[in-house]
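The values are calculated or read from the model by the stated rules, or taken from the named source; none is laboratory data. For clarity, every value in this text was computed on a predicted model and none was experimentally measured. Glycine gets a Cβ as well: all are built from the backbone with ideal geometry, and neighbour counts include every protein chain shown. Note: areas computed on protein heavy atoms with side chains; ligands, DNA, RNA excluded. Shrake-Rupley method; radii C 1.70, N 1.55, O 1.52, S 1.80 Å.
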Amino acid sequence: MIDLYYAPTPNGWKISIMLEELGLPYTVKPVNIRAGEQFAPEFLAISPNNRIPAIVDHEPGPGMTRTKETP
Ligand SMILES: N[C@@H](CCC(=O)N[C@@H](CS)C(=O)NCC(=O)O)C(=O)O
């Protein structure tokens, strides 16, 4: 299952559109960037550049590696 760390911005929408188009199951994890939740240590461990969207795939396929986006 994929967790989508999301806020309702165009950058958040585009990944939810992608997941819907792929038909992949996912759970939305809201991040209130107006309240500064993107700076919480728990979120920075997932998205070190403090930006949504971010996804965590708890069941990555064989040979998959973690990638991080540069700002
Ligand atoms: N390159 C990223 C940019 C993501 C991005 O800028 N996200 C903004 C919201 S639209 C964000 O998380 N801002 C929080 C912050 O900068 O503290 C993408 O295209 O998804």
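Suppose all protein chains stay in the model; what accessible area per residue would a 1.4 Å probe give for the chain, in Å²?
Working: 5260 Å² over 71 residues.
With all protein chains present, the chain gives 74 Å² per residue.
Would you compute, from DSSP H runs of 4+ residues alone, the mean residue ellipticity of the chain at 222 nm, taking -39500 (n - 2.57) per run and dividing by the full residue count, rounded to the nearest 500?
Mean residue ellipticity at 222 nm (helix-derived): -6500 deg cm²/dmol.
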Compactness index (Cα Rg / 2.2 N^0.38 Å), the chain: 1.09
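Full-extension gain between Thr65 and Met18, please, as 0.36 nm times their residue separation minus the C-alpha to C-alpha distance.
Numbers: separation 47, 0.36 × 47 = 16.92 nm, distance 1.97 nm.
Length difference between fully extended and current span is 15.0 nm.
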Inter-probe distance in nm under a simple model that places probes 7 Å from Cα toward Cβ, at Ala40 and His58: 1.7 nm
Coil-residue GluC sites (Glu not before Pro) of the chain, DSSP, other Cβ within 10 Å capped at 10: Glu69
